[in-house]
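**Student:** First the structure, then my questions, so here it is.
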């Protein structure tokens, strides 16, 4: 055999070895399968595996509650900026423990910290500082699980909360509960997802020396998220809210429409990061002629979640 032929053989052998190593190291390695017909090429698994939707849509939630037995610790940061006049900025930090004791029920236990900086905002006294805010729990019940028998998932959520300061950082006793109905679906299997949330949040609060006050917020949101890579999902959401000085639809105070982008990165099967930013693009407050409601709602909202499952 001449040198050219020998070199060609070596290159062919090297190529075969590299191909074999690549197959052996891949998730779909060429293991022998007794049930596989002789000569059939093994297919590699789809990297776009099934994805949990709970934190896929930003402020809008997905219907999934997690697998039975899952536990996790989450760090959630929510920021708000911009009110009528002056300078307004606030950040709420939550530390959450989440458990899923059954395939139909999940819960969260949370502690909240709050920091704000307010200067010359209309109707709000100047303030700044960092405080322990309060405690909350979230109870999630999976009514319909998304799967082969149902293209839609449905989850009902109740989130009672006790706060010792209000959303402007002022001392108060604030008792509230957020009720949420969540529907989601896969628009394209394992690729594109959609969700709708309906929310109702009654609030009963008392400032020092003042009588108890009733209020509520009604809301609806819709979101779409698409996987641009196996571990990266981008999307967008729209939210609309109405504020009332009652538990019902009496005493309308204002309304706001928000739009914004969303991002989720699933670093590993145990570590997840989700982010969202939302801007008020339309709205009005009762008795005002401005194009936005910055009396009852902030102009900008941001949310960041970091989850560690164990």
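The values are calculated or read from the model by the stated rules, or taken from the named source; none is laboratory data. Just so it is clear, the model here is predicted, and its values are computed rather than measured. So basically every Cβ, Gly included, is an ideal-geometry build from the backbone, and we count neighbours across all protein chains shown.
**Student:** Which numbered condition trips up residue 122, out of (1) assigned to a strand (DSSP E or B); (2) modelled with pLDDT under 95; (3) farther than 16 Å from residue 161 by Cβ?
**Tutor:** (1)
**Student:** Let me ask something additional. Does at least one position in region 87-103 carry a residue that is surrounded by fewer than 14 Cβ atoms within 10 Å (Cβ to Cβ) and over 30 Å from residue 65 (Cα atoms)?
**Tutor:** Yes - at least one qualifying residue is present in region 87-103.
**Student:** Given the criteria assigned to a loop (DSSP other than H, G, I, E, B), at pLDDT below 95 and under 24 Å from residue 135 (Cβ atoms), does residue 66 qualify?
**Tutor:** yes
**Student:** How many of the residues in region 167-179 are within 20 Å of residue 296 (Cβ to Cβ) and either outside the structural domain of residue 234 (by TED's automatic domain parsing) or in a strand (DSSP E or B) (or both)?
**Tutor:** 7
**Student:** Turning to a different aspect of this structure: Give region 155-171 a look and list any residue that's modelled with pLDDT under 95 and farther than 18 Å from residue 243 by Cα, or say none.
**Tutor:** Result: 165, 169, 170, 171.
**Student:** Filter region 264-276 for residues that are without any contact (Cβ under 8 Å) to a residue 60 or more places away in the chain and assigned to a strand (DSSP E or B) and give the result.
**Tutor:** If the condition is that a residue be without any contact (Cβ under 8 Å) to a residue 60 or more places away in the chain and assigned to a strand (DSSP E or B), then 265, 271, 273 are the ones that fit.
Listed here are the residues, each with its yes/no results for (1) touching a strand residue (DSSP E or B) at 6+ places or on another chain (Cβ under 6 Å); (2) under 30 Å from residue 204 (Cβ atoms); (3) not assigned by TED's automatic domain parsing to the domain that holds residue 86.
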residue: 239; (1), (2), (3): yes, yes, no
residue: 243; (1), (2), (3): yes, yes, no
residue: 267; (1), (2), (3): no, no, no
residue: 281; (1), (2), (3): yes, no, no
residue: 286; (1), (2), (3): yes, yes, no
residue: 289; (1), (2), (3): no, no, no
residue: 298; (1), (2), (3): yes, yes, no
residue: 301; (1), (2), (3): yes, yes, no
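**Student:** Would you point out which residue out of 150, 117 is without any contact (Cβ under 8 Å) to a residue 12 or more places away in the chain, in the same structural domain as residue 98 (by TED's automatic domain parsing) and in contact with a strand residue (DSSP E or B) (Cβ under 7 Å, 6 or more places away or on another chain)?
**Tutor:** 150
**Student:** Of these, 259, 294, which one is touching a strand residue (DSSP E or B) at 6+ places or on another chain (Cβ under 6 Å) and either assigned by TED's automatic domain parsing to the domain that holds residue 215 or assigned to a strand (DSSP E or B) (or both)?
**Tutor:** Result of the check over 259, 294: 259.
**Student:** Quick check, is residue 234 buried (at least 18 other Cβ atoms within 10 Å of the Cβ), in the same structural domain as residue 108 (by TED's automatic domain parsing) and farther than 23 Å from residue 93 by Cα?
**Tutor:** Criteria not met by residue 234.
**Student:** Suppose we keep only residues that are free of Cβ contacts under 8 Å to residues at least 40 places away in the same chain and exposed (fewer than 14 other Cβ atoms within 10 Å of the Cβ) within region 129-140. Which one would you say is nearest to the chain's Cα centre (by Cα)?
**Tutor:** That would be 139.
**Student:** Something else about it: Only one of these conditions is not met by residue 84: (1) loosely packed, with under 13 Cβ neighbours inside 10 Å; (2) at pLDDT below 90; (3) in the same structural domain as residue 131 (by TED's automatic domain parsing). Which number is it?
**Tutor:** (1)
**Student:** So is residue 202 over 21 Å from residue 112 (Cβ atoms) and modelled with pLDDT of 95 or more or not?
**Tutor:** Considered against the rule, which asks whether it is over 21 Å from residue 112 (Cβ atoms) and modelled with pLDDT of 95 or more, residue 202 comes out as no.
**Student:** While we're here: For residues that are without any contact (Cβ under 8 Å) to a residue 40 or more places away in the chain and part of a loop (DSSP other than H, G, I, E, B), scanning just region 216-256, find the one that is nearest to residue 275 (Cα to Cα).
**Tutor:** Checking each candidate, the answer is 231.
**Student:** Within region 194-215, can you find the residues that are within 28 Å of the chain's Cα centre (by Cα) and either assigned to a loop (DSSP other than H, G, I, E, B) or loosely packed, with under 14 Cβ neighbours inside 10 Å (or both)?
**Tutor:** 198, the sole residue that qualifies.
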